[in-house]
1. Which residue out of Ser38, Ser23, Ser90 is of a type in the set (S, T, N, Q) and closer than 19 Å to Ala213 by Cβ?
2. Does the stretch 120-150 hold any residues that are charged (D, E, K, R), in a helix (DSSP H, G or I) and over 19 Å from Val192 (Cβ atoms), and which are they?
3. Let me confirm something: among Ser222, Ser230, which residue is in contact with a helix residue (DSSP H, G or I) (Cβ under 8 Å, 6 or more places away or on another chain) and touching a residue at least 60 places away in the same chain (Cβ under 8 Å)?
4. Among the helices (runs of 4 or more DSSP H) contained in the stretch 164-257, which hold 2 or more residues that are at pLDDT 95 or above and closer than 30 Å to Lys432 by Cβ?
5. Cβ-Cβ below 6 Å, separation at least six or inter-chain, first residue in the stretch 303-324 and more than 17 Å from Cys239 (Cβ to Cβ), second within 11 Å of the ligand (Cβ to nearest atom) and outside any helix (DSSP H, G or I): which pairs?
6. Could you please give the count of residues in the stretch 242-265 that are of a type in the set (Phe, Trp, Tyr) and surrounded by fewer than 21 Cβ atoms within 10 Å (Cβ to Cβ)?
7. So, restricting to helices (runs of 4 or more DSSP H) that lie completely within the stretch 1-118, which ones have at least 2 residues that are within 14 Å of the ligand (Cβ to nearest atom) and small (Gly, Ala, Ser)?
8. For the stretch 410-434, which residues satisfy the criterion of being farther than 17 Å from Thr361 by Cβ and surrounded by fewer than 16 Cβ atoms within 10 Å (Cβ to Cβ)?
Amino acid sequence: MSKLWGGRFEGKTDAVVEHLGESVSFDARLAPWDIAASIAHADMLGACGVIAKADARKIVQGLKAIAKRVACNDIQWDAQLEDVHTNIESLLVETIGAAGKRLHTGRSRNDQIATDVRLWLRDQIDTILGQLGRLQLALLDAADPHTETVMPGFTHLQQAQPVVLAHHLHAYVEMFHRDRSRFAQLRKRANVMPLGSAALAGTPYPIDRHRIAKALGFDAISANSMDAVSDRDHLIEFCADAALVMMHLSRFCEELIIWSSSAYSFVEIGDAFTTGSSIMPQKKNPDAAELVRGKTGRVYGDLHALLTLLKGLPLTYNRDLQEDKEPVFDASDTVQLCLEVFIRMIPAIHFRTERLAQACTQGFMEATDLADYLVTRGVPFREAHGIVGQAVLHCARQGKSLPELSIEEFRRFSPHFDPHVYTFLTPQAIVKRRDNPGGTAPRRVRAALMAARKRLQKD
Ligand code: ARG
């Protein structure tokens, strides 16, 4: 098959350069969007009288036939033709004959690829927005029964203060909400059409850019042709947003991995999301969580690859830009796969509530509240902090927990202790007192879960 740009060439391209330059092996996946954009372009060319209406009609029919073949995987992509655009144009000429040669009037592969990728990106964002919503729902469903389930909250991975399990899970709902809003904003910013910018300077043909934009569902047309063919900000933003999702997922992974270790035994992850060891028969490894944690690194890599690719690139289109595809495809595939895994894994996590409650009796998590208790009895907080510190030291030496101290022992540290202190120190009483918006008191957590559900229904 001869090259579409072969006219001014006498010599042949070196075989290695052909291998270097072909992109159809990875950009063929853009075919549905490439065809949609070409259909809109051809229709506009016909409507504006740039090409004959009959030719435009033939082109549209031919492209639709090719789209069907793409959908049935019935196309042999030809690497010698370089990319998805040239492959489809050649197929079109093969399918409908001479009229097909008029499709590329008033456009360039530079504005074409910029348009295709934006269309593709929009669909990826829509899928990811849906997935993030389903993940939030799965988390809310998991949280609902646990607004009274106490567990240790950690700082520095040290037992800090008791919280309710639903509060911990709701923290992730908030993270994924921010992720959703980032992607939703990106969708708006990226939904601008480059077509009509042609190679870099615009086109002399009397085209109607708004007509194509409308047909393709773009909110606006680009304001500068040079910017439009060289801008890849939206791909970098996409990778950055994807990297943040992965970062959030990987934090969750890390917790699940720690929590499912026998030292913690806070959770048991269902068989469908764990694997055994080929040598140690007792093992049940949290592989799914580990793999998602591991895949986070490659999405960070994709982001870095794109930032580096664009750094110092002069205006306008440079062939370097062909290298934007694989990282952004990888980031999109990876984040979608990992979100799907999480959506399914969340309902398969069994929380061992009795273990969580038992863990609350360790680590002196009542200490802050014991100081607060003294404050209610008139002791200044800084002084109370010192008194409780001494009580904790005493307990640590004796191998006791704070509530195991007798009232006489308590009084050795301060005369302000009375028997009421024991009910004050239960984990249930402790969480119940965190009764401000955003706190872990069960009623506040129930309200937060409800608000999150409402917000989800709204968008
Ligand atoms: N395959 C190319 C890319 O992905 C399409 C644009 C080619 N433009 C060019 N002037 N060679 O960037």
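The values are calculated or read from the model by the stated rules, or taken from the named source; none is laboratory data. All of these numbers come straight from a predicted model, not from anything done at the bench. So basically every Cβ, Gly included, is an ideal-geometry build from the backbone, and we count neighbours across all protein chains shown.
1. Numbers: Ser23 fails: closer than 19 Å to Ala213 by Cβ; Ser90 fails: closer than 19 Å to Ala213 by Cβ.
The match here is Ser38.
2. Once the filter is applied, which keeps residues that are charged (D, E, K, R), in a helix (DSSP H, G or I) and over 19 Å from Val192 (Cβ atoms), the stretch 120-150 yields Arg134, Asp141, Asp144.
3. Values: Ser222 fails: touching a residue at least 60 places away in the same chain (Cβ under 8 Å).
Answer to the selection: Ser230.
4. Details: elements: 165-190, 209-216, 225-230.
Ranges flagged: 165-190.
5. Thr316/Leu200
6. Taking the stretch 242-265 and keeping what is of a type in the set (Phe, Trp, Tyr), we get 252, 259, 264.
This time we only want the ones that are surrounded by fewer than 21 Cβ atoms within 10 Å (Cβ to Cβ), so: 264.
Of the residues in the stretch 242-265, 1 are of a type in the set (Phe, Trp, Tyr) and surrounded by fewer than 21 Cβ atoms within 10 Å (Cβ to Cβ).
7. Details: elements: 15-21, 24-27, 31-47, 53-71, 84-96.
By residue number, 31-47.
8. Arg411, Arg412, Pro415, Asp418, Pro419, His420, Arg433, listed by residue number.
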